[in-house]
Amino acid sequence: MRDYYRSLLTVLAVALSLLLILGFWPLATKSQLALSLAVMLIGGLLLWRQRRRLQAYSYAVREIKDDNLPPEEFQGAVILVCGDSSALFSEGKLHRETRQGWYLLVKEAEQLPSLAQHLFQSRPALAAQLSVLLAILPETHLFEDSFIQSLRGWQRALAQTRTLLGRTLPLWTATWVSPPAVCADEEPVWFTQPNQQSEMQVYQPGQGNLALSEWVKESGIASRLNRLSLALWLTSLLDWQQKAVNSLLTERSRKAMVPCAQGICITPTNGEPDNLWHQHIIAITALAPKGHEKAGPLPLPEPLTASLPRRRGISRSMVFWRRVGIQGGIFLALAMLASFINNQRLIRNIGDHLTLYHHLSGEPVQPKIRAQQRLRADSALLDGWQQRGEPLRYRLGLYQGLRLIPPLEAAINGWAPPAPPPPVIKKIVQGPQTIRLDSMSLFDSGKYQLKAGSTKLLVNSLVGIKAKPGWLIVVAGHTDNTGSAKLNQLLSLQRAEAVRDWMRETGDVPASCFAVQGYGASRPIANNDTAEGRTLNRRVEISLVPQANACALPGDLPASSQDDGADNNLME
């Protein structure tokens, strides 16, 4: 799967994570913000790493063209040809296609991990058909040390490929050597060994495989001698390959790579003078084998492809959608879990409100009223969700709010608070001509304007207070000791004046009939340390006080002046 598919999956994972955090999981606002920032930061880092990897990867596979890669619907084996691979391909060609397989040339060991990764990402359906062929041409090497170093380089490349892909690609080997001089004109012969324990087989075109021992005995005497020579040649080659190649690949001190199959082709091969194969033959026979010339690429190891994997993988689009499905399934599972938790919390919260409401007896009334108001708020919330749809975090088929509405309505309608008592008029008569009014029944807290509804209270309370000549109406205001003394004195005076003004406007009483006094908190009638005492101290007192010349009508002579005139007449 290519990196842009990975980027799409990363973006999708970030979007689903944010939707879970912000839309489903019951988290505090700060927690949601912190988790959202963390998810976006991690997603940004992943996208940055994927972009850097894509740039490095594009540079590594810049020479690989899709024309050389097999189509994704290819059914045969896909083989990365390593080692002495150039002799198997025509000049300028990077691949060879047959009915059995698609052979890709790997020139350098450093290219193997990049090419394998590119195939895994661009052709994931062919991943199960991929294998590595180590091509060995001993006649192209002059020195054993350089040959061993070349093998170790390919071994390191195979280990890097295994680490990069997270899996081991099947490894098989094929060796090409020139035949002995007596068999120079024979057709190329393939000796195959599908696994390390099986007997060596000889591939015969159109006839299949035959055991080596049976193959030597078959046909006439001349042909049998040639086959015997080839068998001896094969034995020598197997000894050399075991010492020079297999022992290195299966070395336990390094990461062991046991070939799953090996093949040997006896065919004319272009080689160097005094090469490793000739050195080996000379060491055994003291005779130098004759060199051969070969035109065109060497034959491909088609007889071994039958033992290679034939499993079919899935395409990159299917991989993408499968991973999208996995992410969607995880998101759906977590979202349903969050929805279940949210619904359980809703049931528990409303259940706690109902339990508290039923536990309260109504005495005192205020706690029961507050509990009922909380139930009304819960009912209004659920009614709104029923009309507009519940929030996303409660959905996914788990919403439980509808079954909570009937018990809420039954609880709300099952109790009503008692009617509020009428305003208390505290009327305490000090002597027959004094009336005391509760300030809180006339004024709002801290105010001196008469509040609405106080007129009826004043009319009913002051029905016995009438202006009479010789009687002074004294209106005195009092407060409790809350606040500063100066402000309390001013407030008490203003309240007394407000009552006096109302009496003047209502009864058309002359101003000479009134006297207004503000005592503040200086004359308490109860203890200010208790709420009841402070309530009693907040009052307005109205008294009729006898006083000469008080409330005189216009035109009346003061009584003192008449008395003085009479005394003067008597004196005359």
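Every number in this text was worked out from the coordinates using simple rules, so none of it is lab data. Keep in mind the model is a prediction, meaning the values are calculated, not measured. FYI the Cβ positions are ideal-geometry reconstructions off the backbone, even for glycines, and counts take in every protein chain you see.
For region 229-236, the Karplus equation 6.51 cos²θ - 1.76 cosθ + 1.60, evaluated at θ = phi - 60°, returns couplings of 4, 5, 5, 5, 4, 5, 4, 5 Hz by residue, with Gly and Pro reported as x. For the chain, the relative contact order is 12 percent, taking Cα pairs closer than 8 Å that sit 6 or more residues apart in sequence and dividing their mean separation by the residue count.
Unpaired cysteine residues in the chain (no second Cys Cβ under 4.7 Å): 82, 183, 260, 265.
Estimated from the Cβ-Cβ distance and a Förster radius of 30 angstrom, the FRET efficiency linking residue 440 and residue 376 is about 0.55.
Between the labelled values (i) 54.9, 196; (ii) 26.5, 88; (iii) 33.1, 106, the entry that holds Rg and Dmax of the Cα atoms in Å as derived from this structure is (i). For region 73-314, the alpha carbon positions stretch 54, 40, 37 Å along the principal axes, listed from largest to smallest.
Close amide H pairs (under 5 Å, H built 1.01 Å from N) link residue 101 with 77, residues at least 5 positions away or on another chain. Close amide H partners of residue 261, meaning residues 5 or more places away or on another chain with modelled amide H under 5 Å apart, are 173. Compute the helix-to-body angle for 485-507: its Cα long axis versus the longest principal axis of the chain, expressed 0 to 90° and rounded to tens. Relative to the chain, helix 485-507 is tipped by roughly 60 degrees. Only Cα pairs under 8 Å and 6+ residues apart enter the sum, and on that basis the relative contact order of region 339-413 stands at 48 percent.
Dipole size of the chain about its Cα centre, with +1 on Lys/Arg Cβ and -1 on Asp/Glu Cβ: approximately 900 debye, rounded to the nearest 20. For residue 437, the residues whose modelled amide H falls within less than 5 Å of its own, excluding neighbours fewer than 5 places apart on the same chain, are 540, 541, 542.
Using a cut-off of 11 Å between beta-carbons, work out the net charge of the residues near residue 71 (Lys and Arg +1, Asp and Glu -1, residue 71 not included).
Overall, the nearby charge balance is -4.
Starting with the highest mean, order 371-383, 40-52, 102-114 by the number of other Cβ atoms within 10 Å, averaged over the residues of each peptide. Mind dumping the intermediate values first?
On the way: 371-383: 16.2, 40-52: 13.2, 102-114: 19.5.
Sorting 371-383, 40-52, 102-114 by mean packing, highest first, produces 102-114, 371-383, 40-52.
So how do 551, 260, 82 line up by other beta-carbon neighbours within 10 Å, fewest first? Display every interim value, and only then the final one.
Working: 551 21, 260 17, 82 26.
Ordered from fewest to most neighbouring Cβ atoms within 10 Å, 551, 260, 82 come out as 260, 551, 82.
Over all orientations, region 434-546 has a Cα convex hull whose mean projected area works out to 6.7 square nanometres. In the chain, the longest principal axis of the Cα atoms and the axis of helix 276-285 are about 40 degrees apart.
Whole-Hz Karplus values for region 516-527 come out as 10, 9, x, 9, x, 9, 7, 10, x, 10, 8, 6 Hz, taken residue by residue from phi with 6.51 cos²θ - 1.76 cosθ + 1.60 and θ = phi - 60°; glycine and proline positions read x.
For the chain, what does -39500 (n - 2.57) per DSSP helix run (n ≥ 4), summed and divided by total residues, give at 222 nm, in deg cm²/dmol to the nearest 500? Display every interim value, and only then the final one.
Values: 15 runs with 256 residues, N = 572.
Value at 222 nm, helices only, nearest 500: -15000 deg cm²/dmol.
Each residue of region 80-148 gets 107 Å³ once the volume of the Cα convex hull is shared out per residue. DSSP beta bridges confined to the chain are antiparallel in about 50 percent of cases.
Distance between the pseudo-spin-label points of residue 40 and residue 355 (7 Å out from Cα toward the beta carbon): 4.0 nm. Relative protection proxy for 227-234, 501-508, from highest mean packing down: 227-234, 501-508 (other beta-carbon atoms within 10 angstrom). Relative to the longest principal axis of the Cα atoms of the chain, helix 3-23 runs at roughly 20 degrees. Placing pseudo-labels 7 Å out from each Cα toward the beta carbon at residue 47 and residue 366 gives an inter-label distance of 5.6 nm. When the charge dipole of the chain is built from unit charges on Cβ atoms (+1 for Lys and Arg, -1 for Asp and Glu) and taken about the Cα centre, the candidate among 15, 68, 278 whose Cα reaches farthest toward its positive end is 15.
Looking at region 73-314, what % of its DSSP beta bridges pair antiparallel, to the nearest 5?
On the way: 15 of 37 bridges.
Once the DSSP bridges in region 73-314 are tallied, antiparallel ones form about 40 percent.
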